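Following: one structure in structure tokens, then a few remarks.
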Amino acid sequence: MKKEWKRSICPYDCPTGCGFWVETDGIKISAIRADGDDPVNHGLICGKMRHYERDVNSPERILKPLKRVGKKGSGEFRIVSWEEAVEEIVHRWKRIAAAYGANAIAYCSYSGVMSAVQRNCAEAFFGCLGGRRLIKTLCCSAKEAGYEAVVGETGCLDPRELKDSDYFSIWGSQISNTRLQELPGLREARKKGRKAVTIQVCAEGLNSFCDEVILIRPGTDGALALAMMHILSRKGLLDMEFLQKYTEGWEDFARTLKSYTPQWAELECGVPAEIIERLTLEYGRAKAPAIILGSGNSRYRNGGMTVRLITILSVVTGAWKQPGGGLCGCSPSSDSYINSKCIRRPDLQKNTETAVNINQLGPALAADAADKIYSLYVCGGNPANSVSDQAAVYRGLKREDLFTVVHERWMTDTARYADLILPATFSVEQSDIYTSYGYCAWGIAWKLSEAPGECKSNWDVFCMLAKALKWNEPHFMQTQEELLYKVLAQLPETTRLNEEQKRRISEGGIVSMPFSDHLDIRTDSGKMKIVNMTCSEPMPRYLKLPEDGYPLRLISVPAKETLNSIFVNRPELAERRGSMKLIMHPADAAARGISAGDIVYAYNDLKQVAFEAFISEKIVRGAVAAAGLYSSRNTLNGYGVNALHHARLGDMGEATTMNDNTVEVKTIGK
Ligand SMILES: Nc1nc2c(c(=O)[nH]1)N[C@H]1C(S)=C(S)[C@@H](COP(=O)(O)OP(=O)(O)OC[C@H]3O[C@@H](n4cnc5c(=O)[nH]c(N)nc54)[C@H](O)[C@@H]3O)O[C@H]1N2
Ligand SMILES: Nc1nc2c(c(=O)[nH]1)N[C@H]1C(S)=C(S)[C@@H](COP(=O)(O)OP(=O)(O)OC[C@H]3O[C@@H](n4cnc5c(=O)[nH]c(N)nc54)[C@H](O)[C@@H]3O)O[C@H]1N2
Ligand SMILES: [Mo]
């Protein structure tokens, strides 16, 4: 059949949502090509997606339903028909619901696919079943909550607005791995003499994109932000007119700033007072400074407060009124261009009583509590690799009385423990809508190839299950295309398309939406809330992290070659990334007799995890960083970094605290 190039969109969890071209004969895709016309990436495509076709056509894909025959986790399965698989699920769920209530059936669906229908449909299905609700806060909910506590649903800077910024502060984001699309603009700005500073715990790989790297102790950014506001106030660099007009609570907060001197902050965050002073003057004298905020510094027990303080810092010099000035990286809602309610269907939710927070899935599965979970359905997630307290996740998955169904494309660590594995599709095998959560853009990716073997989409499986359960809820009688058109028919007022954009949407690909009006403050009072009475801590202040028992603070940093646990199957990417590394400061390594390339154990009261030591000056002393997620077959002792993370929640947004753990490290030599 003739091959053609058609537009598509990256389905993965990155801020961009890149458009690209796909070569297809209608049955199978054969190549990917960057799209110079894409309004967001202008033809840039990351090294991971450049050969997406290798994943879609991989011989490692699961093509048929599989039923466990060996012990849990042994990886021994036999092929079964869809009818047999569905019958077994329905039979087991009916028994569990009769004995313990449908609440004993939990699900885990996260960021495997970012599209409107496939990502959100599990919520409607399990809502209708009355299963345990899932609180999906594994990624950036503290950042969202902290930002919204100050400015509500006000839209932040679209990265394309950064062309007008005259100073860049890249704060807690490993942009060269996770925000590739922002790099050309940054390079251009620096050529014009505009400065870029990055504030990181670990800046490995970041140097060439910034003029200055500031290393900070984990979880202490709030102290830095407060000291900066102390200096801005002392030096008269605040925009009082702006503060009066657009904010509330400023005077009360300003009175607290006196004690947050740079000398005090140096003791907390390790950044020398004179550097804080200079950094603040640069920031305060810029007309349109932009803070590009990642999620790194929000994944702590004080993460929501840290983001509130950085958001306030972005406001106080009046930067928000300048083109290019303000805060980038905090979209209040990834959903603003479409209305996903008709897919999530909160009105069908039967269980309003109990929920499980995804960050605490491990303890919830492992616990012998009164409200024990007896079945887990996983789709679009890999909790055995991505969720804190990995040992507890495995303990749970090993339970003989837990009926586990995993809808997947590969034999992931989670799938290996399943009782039933159902084969899943890739994005190009169905049509769906994608909304970018970092840019003002959204689009449609139409079906470009046939699902191989017996692979089915998330939605199609839920429809089969609904039918087998004899539900007469009409929602589950719709096709995926019908749902897609329903979303298009219910676009919010603000999502107006011109004729050219309508054409682009009908062909597939991304369309650009107008940038937000950053001074249209979307809070109940119409003003930014410096003090927010609805927060458990209305007055912003520095929340010091508790001491945790071990001397080194452990953080996670993203790997360039993988995206969470996605791409770990691609041989060339896995090879380029190499073994599981722990990045350590030379002084911390020397104090423990550790040399580069040593096999080391990082341990705490949860577990002991083996890494290869990677010694670098680009990490703050007293912290260690684990780069990327690994499947167990590529770990050194069966466990990944999540085995060292406590399943605790942050101060806001019921969020992950994955960067907020401590360890000791010892070497066992080469
Ligand atoms: N290649 C690649 N791209 C990805 C991903 C991936 O795994 N690989 N993941 C995707 C996903 S799901 C997400 S959510 C985004 C995440 O993207 P961003 O939200 O932009 O965050 P990261 O780039 O992960 O930021 C991690 C950085 O936080 C810093 N950090 C950690 N703790 C602190 C702290 O207390 N203070 C300061 N100042 N810095 C701190 C670390 O030094 C590290 O550089 O990226 C997406 N893109
Ligand atoms: N230690 C540590 N832990 C982390 C992170 C970290 O940096 N360090 N990052 C955190 C972040 S930011 C995030 S967002 C989470 C991600 O957490 P998860 O979403 O649980 O992790 P992923 O690795 O993205 O796994 C997604 C799985 O979905 C599958 N999948 C993809 N598309 C489909 C589909 O259409 N249908 C079905 N049924 N399956 C599909 C993929 O094959 C993959 O196995 O992890 C978090 N965990
Ligand atoms: Mo994420």
> Taking segment 279-336 as the search range and keeping residues that are part of a helix (DSSP H, G or I) and within 10 Å of ligand 1 (Cβ to nearest atom), which one is nearest to residue 514 (Cα to Cα)?
Replying inline: 310
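Yes/no matrix, rows are residues, columns are (1) in contact with a Ser or Thr (Cβ under 8 Å, 6 or more places away or on another chain); (2) more than 16 Å from ligand 1 (Cβ to nearest atom); (3) among the charged types (D, E, K, R); (4) open to solvent by less than 10 Å² (accessible area, probe 1.4 Å):
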| residue | (1), (2), (3), (4) |
| --- | --- |
| 399 | no, yes, yes, no |
| 402 | yes, yes, no, yes |
| 461 | no, yes, no, yes |
| 466 | no, yes, no, yes |
> Is it the case that segment 105-112 has a residue that's of a type outside the set (Val, Ile, Thr), open to solvent by 20 Å² or more (accessible area, probe 1.4 Å) and not in a loop (DSSP other than H, G, I, E, B)?
Replying inline: no
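Those residues that are over 15 Å from residue 133 (Cα atoms) and open to solvent by 10 Å² or more (accessible area, probe 1.4 Å), I need them from segment 339-369; list them, please.
At the first step, the residues of segment 339-369 found to be over 15 Å from residue 133 (Cα atoms) are 339-343, 362-363, 366-369.
Answer for segment 339-369, where residues must be over 15 Å from residue 133 (Cα atoms) and open to solvent by 10 Å² or more (accessible area, probe 1.4 Å): 339, 341, 342, 363, 366, 367, 368, 369.
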> Within segment 497-518, how many residues are part of a loop (DSSP other than H, G, I, E, B) and open to solvent by less than 50 Å² (accessible area, probe 1.4 Å)?
Replying inline: 5
>> So residue 118 ticks every box in (1) out of contact with any strand residue (DSSP E or B) (no Cβ under 8 Å at 6 or more places or on another chain); (2) outside any loop (DSSP other than H, G, I, E, B) but one. Which box is left unticked?
In response: (1)
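Is it true that some residue in segment 298-308 is polar (S, T, N, Q), within 16 Å of ligand 3 (Cβ to nearest atom) and open to solvent by 10 Å² or more (accessible area, probe 1.4 Å)? Working first, answer last.
At the first step, the residues of segment 298-308 found to be polar (S, T, N, Q) are 298, 302, 306.
After this cut, where a residue has to be within 16 Å of ligand 3 (Cβ to nearest atom) as well, the list is 298.
Subsequent filtering for residues that are open to solvent by 10 Å² or more (accessible area, probe 1.4 Å) retains none.
The answer is no; no qualifying residue exists.
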>> Show me the helices (runs of 4 or more DSSP H) found entirely inside segment 207-271 where at least 1 residues are open to solvent by less than 60 Å² (accessible area, probe 1.4 Å) and either more than 19 Å from residue 316 (Cβ to Cβ) or without any contact (Cβ under 8 Å) to a residue 60 or more places away in the chain (or both).
In response: 221-234, 250-256, 262-269
>> Please go through segment 45-89 and give me each residue that is hydrophobic (A, V, I, L, M, F, W, C), closer than 30 Å to residue 178 by Cβ and free of Cβ contacts under 8 Å to residues at least 40 places away in the same chain, ordered by number.
In response: 45, 49
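When the residues of segment 170-194 are narrowed to those that are over 21 Å from the mean Cα position of the chain (by Cα) and not basic (Lys, Arg), which ends up farthest from ligand 1 (Cβ to nearest atom)?
So the first thing to find is which residues in segment 170-194 are over 21 Å from the mean Cα position of the chain (by Cα), and the list is 184-194.
From the residues that got through so far, the ones that are not basic (Lys, Arg) too are 184-186, 188-189, 193.
Numbers: 184: 17, 185: 15, 186: 14, 188: 20, 189: 18, 193: 25 Å.
Top of the filtered list is 193.
From the set of residues in segment 135-175 that are among the basic types (Lys, Arg) and within 16 Å of ligand 3 (Cβ to nearest atom), which is nearest to residue 659 (Cα to Cα)? Talk me through it step by step, then tell me what you get.
Our first condition is that a residue be among the basic types (Lys, Arg); within segment 135-175, this holds for 136, 143, 160, 163.
Now narrow it down to the ones that are within 16 Å of ligand 3 (Cβ to nearest atom): 136, 143.
Working: 136: 18, 143: 14 Å.
This residue is 143.
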>> With the requirement that a residue be of a type outside the set (A, V, I, L, M), closer than 26 Å to residue 98 by Cβ and open to solvent by 20 Å² or more (accessible area, probe 1.4 Å), what does segment 113-147 give you?
In response: 123, 133
> How many residues are assigned to a loop (DSSP other than H, G, I, E, B), near ligand 1 (Cβ under 9 Å from one of its atoms) and touching a Phe, Trp or Tyr at 6+ places or on another chain (Cβ under 8 Å) when one looks only at segment 520-564?
Replying inline: 1
> When you go through 432, 419 one by one, which is the residue that is open to solvent by less than 10 Å² (accessible area, probe 1.4 Å), out of contact with any Cys (no Cβ under 6 Å at 6 or more places or on another chain) and acidic (Asp, Glu)?
Replying inline: 432
>> Considering only residues that are more than 17 Å from the chain's Cα centre (by Cα), within 10 Å of ligand 2 (Cβ to nearest atom) and aliphatic (A, V, I, L, M), which ones fall in segment 626-648?
In response: 643, 644
>> Among the residues that make up segment 250-266, is at least one of them at positive phi and either in contact with a Lys or Arg (Cβ under 9 Å, 6 or more places away or on another chain) or more than 16 Å from ligand 2 (Cβ to nearest atom) (or both)?
In response: no
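Out of 170, 175, I need the residue that is within 16 Å of ligand 2 (Cβ to nearest atom), over 30 Å from residue 468 (Cβ atoms) and in contact (Cβ under 8 Å) with a residue 12 or more places away in the chain. Which one?
175
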> Among strands (runs of 3 or more DSSP E) lying entirely in segment 1-70, which contain 1 or more residues that are within 17 Å of residue 437 (Cα to Cα)?
Replying inline: 4-9, 19-24
> How many residues are surrounded by fewer than 24 Cβ atoms within 10 Å (Cβ to Cβ) and either free of Cβ contacts under 8 Å to residues at least 40 places away in the same chain or not in a loop (DSSP other than H, G, I, E, B) (or both) if we restrict to segment 370-391?
Replying inline: 3
>> Filter segment 580-627 down to the residues that are closer than 14 Å to residue 215 by Cα and surrounded by fewer than 21 Cβ atoms within 10 Å (Cβ to Cβ) and list them by number.
In response: 616, 617, 618, 621, 622
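The values are calculated or read from the model by the stated rules, or taken from the named source; none is laboratory data. Note that the coordinates shown come from a computational prediction; the quantities given were computed from them, not determined experimentally. Virtual Cβ from ideal backbone geometry, glycine too; neighbours counted across all protein chains shown. Side chains are part of the model used for accessible areas, which takes the heavy atoms of the whole protein and leaves out ligands, DNA and RNA. Shrake-Rupley method; radii C 1.70, N 1.55, O 1.52, S 1.80 Å.
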